[in-house]
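Heads up, the thing below is written out as structure tokens.
Where a number appears in this text, it was derived from the coordinates with a stated rule and is not lab data. Here the structure is a predicted model, which means the values were calculated and not measured. Positions of Cβ are generated from backbone atoms using ideal geometry, with glycine treated the same way; all protein chains shown enter the neighbour counts.
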Amino acid sequence: MREAQVNLAIRWFAGYRLHEALPDHSSLTRIRLRWGDERFRRIFQRTVQACVNAGMVPGETVHIDATLIRANVSWDSIAERHVEAVIQANPVDGAMTPPGPAEKRFSATDPDAALATSDRRVRAEPSYKQHTAVDDHAGVVVGIIVTAGDVNEGDVIGRQLEQVGELTGRIPTTFTADAGYAYAKVFRMAEERGLRAVIPPKAEPKPRTAIPLRRFKFDAKHQIVRCPAGKTLHRSTRAPHGWYYRSSLRTCRGCSLRPRCLSPAVDRRTVVIADGFDALLRARRHRDRWSDTERGIYKRHRWRIEGTHADAKGQHGLRRAIRRRLWNMAVQSYLTAAAMNLKRLAA
């Protein structure tokens with residue numbers, strides 16, 4: 001505001017003449033609290049609509065990714081919440097509630113943030129996560145969702161695609177994402193919605209035994225799994241995102257592959273089949289047959305979405321939150337995306 005008092009360019013841009021008084025600084029510093037994040041979301045939406053009206057958003061292909069934003073807290077604010085100890089010390093109606101994790105680290109000054117890292121070699125920091133969708137044609141940001149830093153990207157991508165349709169009025173037919181989104185549930189969601197998912201599937205994890213999971217054949221129609229010896233594993237219990245399939249003790253006891261398939265401490269084989277595993281298998285097979293169009297789309301994904309995040313952090317201060325709490329972080333993300341869209345519109 002001090003610069004705006006004497007800078008004619010800023011006065012001209014904002015529409016104030018030399019003799020007119022500028023607003024008090026509190027009008028801007030307190031506007032977030034008065035308006036709330038919903039008003040700023042609508043401002044961002046207007047920039048998207050302006051780009052759509054200018055013909056910059058065909059809406060056929062979008063690139064999706066997430067980035068971590070450091071929360072505005074110090075390391076001294078990090079504490080540990082001993083969940084189990086608290087529950088045991090305070091039983092409800094004389095009954096013990098099943099405890100959660102024994103410890104959960106959080107920030108006492110900004111409890112909405114969560115400790116997260118994008119690289120296991122780097123320690124986790126209190127962060128927020130911005131889930132971004134960018135249109136392929138001109139790089140317009142067409143979707144923003146802000147969550148705590150520990151939220152899984154695969155749980156948000158469905159909401160992102162719905163938001164893109166709401167903001168642009170056009171449902172994309174193709175979306176890209178990196179291998180961090182290569183979950184069975186994501187490929188299943190794409191098939192159910194009739195969308196083309198250009199996502200490189202993850203490499204199969206290193207097997208704990210000599211016989212890896214890929215040697216087990218999943219029959220989605222009959223909901224069974226067949227092992228390399230031709231024996232059947234039946235659905236047993238529910239896992240967080242799938243089902244456990246187990247063989248019987250009698251089946252494994254006399255199997256010739258037992259020394260290679262099971263460790264000495266285990267008496268039967270158990271495998272976990274994720275929800276939508278058949279869609280994941282189809283995506284893995286299709287990855288080897290990607291067309292030139294699909295390769296080109298994914299090649300653009302890297303510089304479209306990662307370039308957008310680099311621009312937001314390097315040129316617009318999104319590397320770190322400037323205020324605390326989730327709704328304030330959402331306001332910062334909406335304003336940053338709105339500014340970037342207006343720059344593209346002006347260019």
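Suppose only helical runs count, i.e. DSSP H with n ≥ 4. What mean residue ellipticity at 222 nm does that imply for the chain under -39500 (n - 2.57) per run, divided by all residues and rounded to the nearest 500 deg cm²/dmol? One gets -11500 deg cm²/dmol as the mean residue ellipticity at 222 nm. For the listed residue pairs Lys129/Lys217; Lys185/Lys231; Lys313/Lys343, the alpha carbons are over 25 angstrom apart in Lys129/Lys217; Lys185/Lys231. Excluding same-chain neighbours fewer than eight residues apart, the aspartates and glutamates reachable from Lys202 by a Cα-Cα span under 12 Å are Asp178. When the chain is treated as a Gaussian network with alpha carbon springs shorter than 10 Å, the biggest mean-square fluctuation among Lys185, Lys221, Lys129 belongs to Lys221. A Cβ-based charge dipole, computed about the Cα centre of the chain with Lys and Arg at +1 and Asp and Glu at -1, lands at about 1420 debye. If you take all C-alpha pairs in the chain, what percent of them are over 38 Å apart? More than 38 Å apart: 34 percent of the Cα pairs in the chain. The Cα-based radius of gyration and maximum Cα-Cα distance (Dmax) for segment 144-237 are 17.3, 53 Å. Which percent of Cα pairs goes in each bin when the distances of segment 205-321 are cut into 10 angstrom slices starting at zero? With 10 Å bins starting at 0, P(r) equals 11, 30, 21, 17, 14, 6, 0.
To the nearest ten degrees, helix 292-315 and the longest principal axis of the Cα atoms of the chain are 50 degrees apart.
Counting neighbouring Cβ atoms within 10 Å and putting the fewest first, the residues Arg289, Arg282 line up as Arg289, Arg282.
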